[in-house]
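This report concerns only the one structure given below.
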Amino acid sequence: MNFDFLLIVFVARYLRTALKNTQQNSVWDDRLKLAMYVAIALFVASVIFRDAETIMAWVGHLCLLGCIYILYKETFFKPAKSLIVAILPYAVVATIIQFLQLVLPSFYRGNHSMVDSLKGFAVLWGIGVWMVTIKQKKELDKTNEKVVQQEHDNRIITAMKDELEVQVAERTAELTRQKEALETALQELQSTQAQLIQSEKMASLGELTAGIAHEIQNPLNFVNNFSEVSNELIGEMNEELSKGDIAEAMMIADDIRQNLEKINHHGKRADAIVKGMLQHSRSSNSIKEPTDINKLADEYFRLAYHGLRARDKSFNATLKTDYDETIGNIIIIPQDIGRVILNLITNAFYVVDEKRKFGIEGYEPTVFVSTKKRIDKVLISVEDNGNGIPQSIVDKIFQPFFTTKPSGQGTGLGLSMSYDIVTQGHGGTIKVETAVGKGTTFIISLPI
């Protein structure tokens, strides 16, 4: 039985499988298929025609050697050239044995066992090489699969990267649009806030207007009265001088001098009130100067009270003060701290008046302003006996635009501005102590 034909069938089938889906597969697949059919036919013929065994053996050897030659010559079969290493020793040994049987039969019979051993070794060699080739092919296939999978993953990653870049670009454009919109909104908000702050300042100026009118009226009345009296005294002095009564004229002159001193005093008082009004109405120049905090607090206290009385004749409250005379002057921005004190006092008058409207028996609206000196700071307290502040909103009262007043009666910027002036402008603190139903105390602490 000639196994060369079966080996050719095996080689052809392996090549068809190994070279599948290649560029020249369509051409060689038909040739390899024909080679398989021819080899099968010759194998069947060698089995049937036992008398022609020698001829069929030579045909098988030559066909196998031809296959090896084709594998070696054609670059198309380069991936399958490991088959040459596997089957070439068997083909050569089988051909030599056949040659010895034909040409040197006596030599073959004498060395039969050695020759057969050599053939067996060639078979084992072919099987071994084939197994190694199969193992290497599996490893190569795994490597190729990994490479293919890696390429597939890379394509997916590249596609995802491209998609992500598009999304990032779109998101960046969207964020840019949002940024521009927010910047525009911020500018509008800052403009609106500036207008509201100015409105708050003008509102506090309005609180002072009536009080200033009341306060400035007193010194003006004194100035007018003493001016009229002095004018009359000058007439009397002229009469006495015409009579020659120098002593009486000098006494009248002394009265005129005293009147002029009082006119000067009350004139300066009116001038101080006007300057205070101008300081409050204009923007702060952020210049700190020595200031009598007691005088400042008392002045704004009375101005705020008379201003509220001028708007609402029914309003009345008890004003209490306790100023520490040992404080002296402290370095502050007077118009800013004055604005803070005014805000707190105005709020105090508002809450005690609101409580008064409930008609509580025996209730007397009271606002108490005091100052105290500590080692390294000055405390300014504004206390009222109103309804107090609920604990749920105590933490919110210094937030911008937060107010408990009815709509249209407050901007919600008074306490926020006061907090910024005290903490950022003067490095101090402002805190609140409150009890619902009993009242509230705001305490300003300014470093000396």
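Residue under question is Glu364, and the condition is that it be within 18 Å of Lys438 (Cα to Cα) and part of a loop (DSSP other than H, G, I, E, B); does it hold? So Glu364 passes the test. With respect to the stated conditions, Val115 is modelled with pLDDT under 70, part of a helix (DSSP H, G or I) and of a type in the set (Val, Ile, Thr). Selection of first residues in segment 247-272 that are within 14 Å of Ile234 (Cβ to Cβ) and of second residues that are of a type in the set (D, E, K, R), restricted to Cβ pairs under 7 Å at least 6 apart or on distinct chains, gives the following pairs, ordered by first then second residue: Glu248/Glu240; Ala249/Glu240; Ile252/Glu236; Ile252/Glu240. When Glu236, Glu232, Glu183 are checked against the criterion of being surrounded by 14 or more Cβ atoms within 10 Å (Cβ to Cβ) and either modelled with pLDDT of 80 or more or of a type in the set (Asp, Glu) (or both), Glu236 stands alone in meeting it.
For the structure I just gave you, tell me whether Tyr323 is at pLDDT 90 or above, in the same structural domain as Val382 (by TED's automatic domain parsing) and either more than 19 Å from Glu354 (Cβ to Cβ) or polar (S, T, N, Q) (or both).
Yes; evaluated as a whole, the condition is true for this residue.
Among the conditions (1) closer than 18 Å to Asn387 by Cα; (2) at pLDDT 90 or above; (3) not aliphatic (A, V, I, L, M), Pro406 misses just one, which is (2).
Looking for something out of contact with any helix residue (DSSP H, G or I) (no Cβ under 9 Å at 6 or more places or on another chain) and either in a loop (DSSP other than H, G, I, E, B) or within 24 Å of Lys288 (Cβ to Cβ) (or both) - is there at least one such residue anywhere in segment 350-358? Taking every residue of segment 350-358 in turn, at least one turns out to be out of contact with any helix residue (DSSP H, G or I) (no Cβ under 9 Å at 6 or more places or on another chain) and either in a loop (DSSP other than H, G, I, E, B) or within 24 Å of Lys288 (Cβ to Cβ) (or both). Kindly check whether there is at least one residue in segment 372-381 that is under 15 Å from Thr440 (Cα atoms), in contact (Cβ under 8 Å) with a residue 12 or more places away in the chain and either among the β-branched types (Val, Ile, Thr) or assigned by TED's automatic domain parsing to the domain that holds Ile293 (or both). Taking every residue of segment 372-381 in turn, at least one turns out to be under 15 Å from Thr440 (Cα atoms), in contact (Cβ under 8 Å) with a residue 12 or more places away in the chain and either among the β-branched types (Val, Ile, Thr) or assigned by TED's automatic domain parsing to the domain that holds Ile293 (or both).
Table: residues versus (1) in the same structural domain as Phe121 (by TED's automatic domain parsing); (2) at pLDDT below 75; (3) in contact with a Lys or Arg (Cβ under 9 Å, 6 or more places away or on another chain); (4) of a type in the set (A, V, I, L, M).
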{"site": "Asn25", "(1), (2), (3), (4)": "yes, yes, yes, no"}
{"site": "Ala52", "(1), (2), (3), (4)": "yes, yes, no, yes"}
{"site": "Gly66", "(1), (2), (3), (4)": "yes, no, no, no"}
{"site": "Phe76", "(1), (2), (3), (4)": "yes, yes, no, no"}
{"site": "Ala80", "(1), (2), (3), (4)": "yes, yes, no, yes"}
{"site": "Ala86", "(1), (2), (3), (4)": "yes, yes, no, yes"}
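In the set (1) surrounded by 11 or more Cβ atoms within 10 Å (Cβ to Cβ); (2) modelled with pLDDT under 75, the condition left unmet by Leu104 is number (2).
The values are calculated or read from the model by the stated rules, or taken from the named source; none is laboratory data. None of the values given here were measured: they were computed from a predicted structure. Every residue, glycine as well, gets a Cβ built from its backbone with ideal geometry; the counts of neighbours run over all protein chains shown.
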